[in-house]
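Colleague: Right, I'll just put the structure down here and ask away after.
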Amino acid sequence: MAATDRLTGVTHPASVLSPATLLRAAIILGVLAIWEFLSHSGWLYRDVVPSLLAIGHALFDLLSHGEYYFNLGVTAAEVGFALLVGGGAGVVVGIVLGANRFLSKAFEPYLYYLGPTPKIIFFPIMIMYFGVGPESKVALGTLSCFFPVALSVAAGMRQIDQVLIRVGHSFRANTWQMVTKIYLPAMRHPIINGVRLGLGVALIGVLLAETKLSNKGIGYLIIQAYSIFDMPRMYAMLIVLFVLAIGANALVGRLGGLHAIKRT
Amino acid sequence: MSAAVARRSGSYMPQAVGIGSLVAFFLGMELLVQTGLVNRFIVPPPSEIIGSFGRVIVEEHVFSRFLQTLTECLTAGVMLTVFGVAGGVLMNRFKLLQQACETWVAAMASAPIVLMYPLFMVIFGRSAWTIIMMGFVSALPPVILKTIEGISGTRKVLINVGRSFNLTPSQQFWKILFPAALPTIFVGIRLGLIFALINVVGVEFLINYGGLGQLINDLAERYDLAGTYAAICFVILVSVLFFIVLEKVERWLRPID
């Protein structure tokens, strides 16, 4: 089925230049033209809307320096650790809460209501616990991504087909086997969805913490660009960051087959 | 009868265990701090945090700060409702626009928009408008997406009723499509308001300006640990109450469910 879709996508050149694609191109060109006009008009503060050439130059400058990749690596490592610890804890807690109705009723409301609270306010506490280095950023990212993963896994656990669970029991699977052979494979989509949400909030948590207090990472570079009023560089960094974040989100969704779910 | 009473009393058990665990956690923490096993200059004893609530509320003008945060959040909410719903309606009305832009809006929902706050500070200055605009822009995608979902999910039979009454497109929208989509639109507005609150408090904290977010930053910078914890508890309490109120309003709008 997927192969057929891919084929149809390739064999229809008309779809490449569909009206929607043309409109997209027109919107992009229109926005770029208005941007360039505004940058030269003098109507707005100087440098708030830098010319496209300046942004392009800053983008090239940014991507051709090793410093950026070092800071990108620091942020990626912080987000990766946060996702590993927070996501791992979220999966375990989600499985426990999803499997046990009593525990779910006792503790899930706390997770449900604490989940959407602004996590950045915990940053002063994280600094006290873990210092001003990358550890406090990892801790904030961990805290941020724990809640969506735990809630998504708990909900996914309750949606598992009871037949699968009975099959596991009839094979006399122990708890570990039930988790690895039945629960986790059956909950692949809710877990990936939770990880996708967790990745987004962990990224935001880590980056915001970096903008508040750090000496390395992409958040630090952004706030540094702000403090020296280097607007083209800030725009360039935001563009790269958005592309990376949206790409990572789409990639996790695609790897988990969420794309296929939506299509069916 | 007795079975019903037993069931009812049994249904309170999980909540009792939840609250009991929370109380046990705080008591355990108090014990650990008082015995010196946990450094009280990193984790203040819970009794001290509870004691500092009154001080923080009176001396730090929590109520006026709360009103400030709420005003910023509601201003962003009004803008969200107006622009988000209008954007969703517009995209639903012009299908080509929807085909062209819906993916972008969905992509924006997964982008860390709040990272644009230094840019907004340059544009709007270190003012309430930076906070409001940040809350507004970050929370816009879910409102647009849910509005599209709500309108395009209107039951066919309702649309046919409108057609059989020979309604004009404007009447069809105001009498059929919009009322039918309202519950879903409100889901989007609720999500948007939650995002707005998160971002408003977050940006207040980051730029050290405004209401409750700034309070936490202020207290942390003064190294008033008990006060910082109390202020964080207060923000959590306010956020949770905000979510509960929004949920109640949403349920009220969805009487069928």
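What follows is calculated from the coordinates using simple rules that are stated; it is not laboratory data. Here the structure is a predicted model, which is why all the values come from computation and not from measurement. We place every Cβ from the backbone using ideal geometry, glycine too, and count neighbours over all the protein chains shown.
Colleague: Give me the distance between the Cα centres of segment A:16-53 and segment A:103-136, rounded to whole Å.
Modeller: Result: 40 Å between the Cα centres.
Colleague: Measure nothing fancy, just the Cα-based angle from helix A:2-11's long axis to the longest principal axis of chain A, in degrees from 0 to 90, nearest 10.
Modeller: Result, in degrees: 20.
Colleague: Which whole number gives the average count of other chain Cβ atoms within 10 Å of the Cβ atoms across peptide A:203-211?
Modeller: 4
Colleague: How would you classify the protein assembly as shown from its alpha-carbon gyration tensor, with a ≥ b ≥ c the square roots of the eigenvalues: rounded for a/c under 1.5, else prolate if a/b is greater than b/c, otherwise oblate?
Modeller: Note, shape of the protein assembly as shown comes out rounded.
Colleague: If packing is taken as the mean number of other Cβ atoms within 10 Å per residue, what is the order of A:134-144, B:181-191, highest first?
Modeller: A:134-144, B:181-191
Colleague: Charges on Cβ only, +1 for Lys and Arg, -1 for Asp and Glu, centred on the Cα centroid of segment A:125-192; of A:126, A:176, A:153, which one is farthest towards the dipole's positive end?
Modeller: Projecting each Cα onto the dipole axis, the largest value belongs to A:176.
Colleague: With charges only on Cβ, +1 for K and R and -1 for D and E, what is the dipole size of the protein assembly as shown about its Cα centre, in debye, rounded to 20?
Modeller: The dipole magnitude comes to about 2100 debye.
Colleague: Could you state the angle between the C-alpha long axis of helix B:62-79 and the longest principal axis of the C-alpha atoms of chain B, as a value from 0 to 90 degrees rounded to the nearest 10?
Modeller: The answer is roughly 20 degrees.
Colleague: Can you give me the Cα centroid spacing of segment B:209-257 and segment A:169-204 in angstrom?
Modeller: 31 Å
Colleague: Quote the relative contact order of chain A in percent (integer), defining contacts as alpha-carbon pairs under 8 Å separated by 6+ residues.
Modeller: For chain A, the relative contact order is 23 percent.
Colleague: Sticking with this structure for a sec: Across peptide B:117-123, how many C-beta atoms of other chains are within 10 Å of each residue C-beta, on average?
Modeller: Whole-number average of other-chain Cβ neighbours for B:117-123 is 5.
Colleague: Can you tell me, using C-alpha contacts under 8 Å and at least 6 residues apart, the relative contact order of chain B as a whole percent?
Modeller: 23 percent
Colleague: If you don't mind, another one. Put +1 on the Cβ of every Lys and Arg and -1 on every Asp and Glu Cβ in the protein assembly as shown; which of A:138, B:89, A:35 then has its Cα farthest towards the positive end of the dipole?
Modeller: So the residue we want is B:89.
Colleague: What is the sum of charges around residue B:219, taking Lys and Arg as +1, Asp and Glu as -1, for the other residues whose C-beta is under 14 Å from the C-beta of residue B:219?
Modeller: Charge balance near residue B:219 sits at -4.
Colleague: Does chain B classify as rounded, prolate or oblate by the C-alpha gyration tensor (a ≥ b ≥ c root eigenvalues; a/c under 1.5 gives rounded; else a/b over b/c gives prolate, otherwise oblate)?
Modeller: It is oblate, given that a/c is not under 1.5 and a/b is not larger than b/c.
Colleague: May I ask you to sort A:216, A:119, B:248 by Cβ crowding, counting other Cβ atoms within 10 Å and putting the fewest first?
Modeller: B:248, A:216, A:119
Colleague: Report ³J(HN,Hα) in whole Hz for each residue of segment B:198-207, in order, from the Karplus equation J = 6.51 cos²θ - 1.76 cosθ + 1.60 where θ = phi - 60°; Gly and Pro get x.
Modeller: Whole-Hz 3J(HN,Hα) from phi for segment B:198-207: 4, 6, 4, 5, x, 5, 4, 5, 6, 9.
Colleague: Could you tell me whether chain A comes out rounded, prolate or oblate from its Cα gyration tensor? Rule is a ≥ b ≥ c as square roots of the eigenvalues, rounded for a/c under 1.5, then prolate if a/b exceeds b/c, otherwise oblate.
Modeller: oblate
Colleague: Give the average, rounded to an integer, of partner chain Cβ atoms located within 10 angstrom of each Cβ in A:106-119.
Modeller: Average neighbour count from other chains, rounded to a whole number: 6.
Colleague: Still on this structure, please answer the following. Running a GNM on chain B with Cα contacts under 10 Å, which residue among B:159, B:232, B:207 ends up with the highest mean-square fluctuation?
Modeller: Among B:159, B:232, B:207, the largest mean-square fluctuation in the Gaussian network model of chain B belongs to B:159.
Colleague: Using Cα atoms only, what is the angle between the long axis of helix A:19-41 and the major principal axis of chain A, expressed in degrees (0 to 90) to the nearest 10?
Modeller: 50 degrees
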